[in-house]
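For reference, the structure discussed in these notes is given below.
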């Protein structure tokens, strides 16, 4: 086995066998699924208490418009005065009392209806009630004006614009959401990967310094080989952990609801349910079909290739910087001053990615940031699903890898000198000097 | 004598700081070569250059007549002063890894490790983690890893630090045995008594320059200056002492004796012999002690460095 393989193997095994690594690998998905389940459970608990709402309808328009549901029961009060109804409702600890007064004209209802309750009612309850009243009042007022409401409904025309590119490719809002999700996921994944495993590389370099083994090692191998071996070995361990996480999450997500009987639909908030319903109006099957078509329409080959290139390039770029920091300092506490310049472009990339790409994937800002090598992996990955000209993609990759060669050269310089420097407080000025050694 | 390692006119700068200035050393085959000098003189830099850890700005290094190349790493065993092992790795695994980095195959490495672990009676540490071992124990493993691949050239930087006297002796014997088996040894230390005991050649580096080198005996001869420690029970102590002070360069001496006698360190003129001094002393009283002062490495070290500064 040659040196590089030996080093990669050692770094990999050392990481993978590490107790805390193993624990984190298994614990993280459990914690995440646990938190999800807990939130879902608590949410369902929150909603499960059923509400009783009394209705005092003096107008007589809403005889049976309010239909009780699982969570809400409507009670119609007859022939009570408002005072009695209020007292009664408070006594029976009802959620609220809806008072609709008798009015001479329908449009007076607009600001005459009152909802009495112990505390201020939830937004959902109020909007539900208002929806019901509004719908009925509108129908009534139309009828009074001599217009048939049913006819209006029949004649209502629903507009759905078709989206198509100049090249004749169909697009849709669903497609945009899918693209955003894909780009966002890819960018976020890279971001997390860099932070978690970049740090791991840095710690591993510091460990070699503090345990003083570094000089023994580099009397056998070139520092650049050690640096590369470390980055590759740690990355492989990272990929292993990510794959494990994905599998475990998937398994847990399937198993946990089965065991605890949590319905996936119940995990959603009412707003989400509404959204789902709205989306499902055209039929669930239709939605899925559209999803598949859209997924098919994504430039998949392009995405996969570019994802790999940007992921590897971006990760290596940052990993080499982390390694250089590790070499420059004596302990982890000294790393603070050097972390900021690394984290800043990374965070910037994610925010630029989320805000500008979502707004306009081909705007000037998005374009510029998708060429700057320190932000391009994240921003470009977010842009690509929306279709980026090939020359831009290639140019960006070339810039990224050229910069990577530059940072590795820089990192190797710092590394070569830094790993043998003990006790010297590294400053930026000191680092510049090291470059000339 | 054939030279195993030749370093010619080595210079190395770190920014403004000159770590080595035109330093040359020649290490004969089969010798124990002491590389001496005060802290910060440039010894470690020179050793790192020989190990190709640092590149010299100027100058060349030859191993066995060939200019130093990356593959020569396999012919060198280096025990640096700043040394350690991976704390959370097991002893055996770690030794195997380091041996393989030096170019041994796994089976070779295993066989050799078994030999050395048995020899130093540390076989049962194989599955322990380094963090469970004491410093001395870890040092032993480091020694084994350094010599495991049978290098032609062994470089030890302060090999005895961290060892108790018994283990230090054990390691010293192992080093000498390696020399007898044909290895050449470069040895850097501040423990002058070890230099005295083990080295046959030395080089002295001060302030980035080599200021002295050669065979230890030759150097001692050069520093020997007709000086003798004498003990004398004089018939008339006051008179004897004033006579001696007039005639020779005399200093008080500090050797141990049981009698209450005069003790002097006397330097005689270069053309005079020890017999002349003996003859003269015997006329003054009874001689109880007569010993030629051979300069110790310690004396040579201090004297040369002070003169150089």
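Annotations
- Between the stretch B:1-61 and the stretch B:250-309, the C-alpha centres lie 37 angstrom from each other.
- Relative contact order of the stretch B:225-293, defined on C-alpha pairs under 8 angstrom at six or more residues apart (%): 54
- Here chain B carries DSSP beta bridges of which approximately 70% are antiparallel, counting only pairs with both residues inside.
- This ranking places B:116, A:409 by how few other beta-carbon atoms lie within 10 Å of each, fewest first, which gives A:409, B:116.
- 0 to 90° range, to nearest 10: angle between helix A:270-280 axis and chain A longest Cα axis: 90
- Extent of the stretch B:110-250 along its three principal axes (Cα atoms, max minus min coordinate, largest first): 74, 33, 30 Å.
- Using C-alpha pairs below 8 Å separated by at least 6 residues, the relative contact order for chain B is 20 percent.
- Secondary structure note: in the protein assembly as shown, about 60% of the DSSP beta bridges are antiparallel.
- Summary value for chain A: 19 percent relative contact order, contacts being C-alpha pairs under 8 angstrom separated by 6+ residues.
- Cα long-axis angle, helix A:173-210 against chain A (0 to 90 degrees, to the nearest 10): 40
- Between the stretch A:118-189 and the stretch A:368-431, the alpha-carbon centres lie 45 Å apart.
- Dividing the convex hull volume of the alpha carbon atoms of the stretch B:225-293 by its residue count gives 76 Å³ per residue.
- Each of A:376, A:141, A:366 was scored by other Cβ atoms within 10 Å of its Cβ. Arranged with the fewest first, they read A:141, A:366, A:376.
- Gap separating the Cα centres of the stretch B:81-151 and the stretch A:83-115, nearest whole Å: 87
- Tilt relative to chain A, helix A:284-297 - C-alpha long axis, 0 to 90 degrees, to 10: 30
- Order of B:201, A:362 under a 10 Å beta carbon neighbour criterion, fewest first: A:362, B:201
- Relative pair counts by distance (%), Cα atoms of the stretch A:211-252, 10 Å bins: 26, 31, 21, 15, 6
The numbers here are math on the coordinates, done by the rules we state, and not lab data. On a predicted model such as this, the values are computed, not experimentally measured, just so you know. Note that we place each Cβ from the backbone using ideal geometry, even for glycine, and neighbour counts take in every protein chain shown.
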